[in-house]
Amino acid sequence: MLDYIGCYRDDKEKGRDLPFRPQTRTHNRGDALSCVLNCAESGFIYAGLQNGNLCFCGNKYGRYGRVSDKHCDLKCLQPIGVQIQSTTDDIFNSCGGKWVNSVYSVRGIQYQEAKDD
């Protein structure tokens, strides 16, 4: 289960709130789970989705403040296929909005590489 934290402002001119793109892009479905997995594999503890499909990573968030979840109104481009647990007990399929990130924690995500038998 993914842990949705909230909707947070971003600012390209002042420096992104979650400043890194995932170093690995093993999971490229354009959804929240793919972004969280890619950020976890890249060693970050937070993942943020913006504008429906842009994935950003970092180890802290909230530099520009939280906004209402209604601002993160863009659904992920593809269904995530997993239930997302939010702090408000709502179920989200949120991939941010214009200059706002839907922020997720990657803690608790277990990634295991497939082994060839």
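The values are calculated or read from the model by the stated rules, or taken from the named source; none is laboratory data. Quantities reported herein were computed from a predicted structural model and do not represent experimental measurements. Note that each Cβ is placed from the backbone with ideal geometry, even for glycine, and that neighbours are counted across all protein chains shown.
Taking the stated definitions as given, is Y104 of a type in the set (S, T, Y), modelled with pLDDT of 90 or more and within 10 Å of the chain's Cα centre (by Cα)?
Working: of a type in the set (S, T, Y): yes; modelled with pLDDT of 90 or more: yes; within 10 Å of the chain's Cα centre (by Cα): yes.
Yes; evaluated as a whole, the condition is true for this residue.
Mind checking whether some residue in region 78-96 is within 15 Å of D3 (Cβ to Cβ) and at pLDDT 85 or above? Before you say what the answer is, go through the steps one by one.
Taking region 78-96 first, the residues within 15 Å of D3 (Cβ to Cβ) are 80, 82-94.
Within this subset, residues satisfying the condition of being at pLDDT 85 or above are none.
Checking region 78-96: not a single residue is within 15 Å of D3 (Cβ to Cβ) and at pLDDT 85 or above.
Take G30 and decide whether it is touching a Leu at 6+ places or on another chain (Cβ under 6 Å) and modelled with pLDDT of 95 or more. Here the answer is no, as G30 does not meet what is asked. If we keep just the residues of region 1-13 that are modelled with pLDDT of 95 or more and part of a loop (DSSP other than H, G, I, E, B), which is surrounded by the most Cβ atoms within 10 Å (Cβ to Cβ)? Among those that are modelled with pLDDT of 95 or more and part of a loop (DSSP other than H, G, I, E, B), it is D10.
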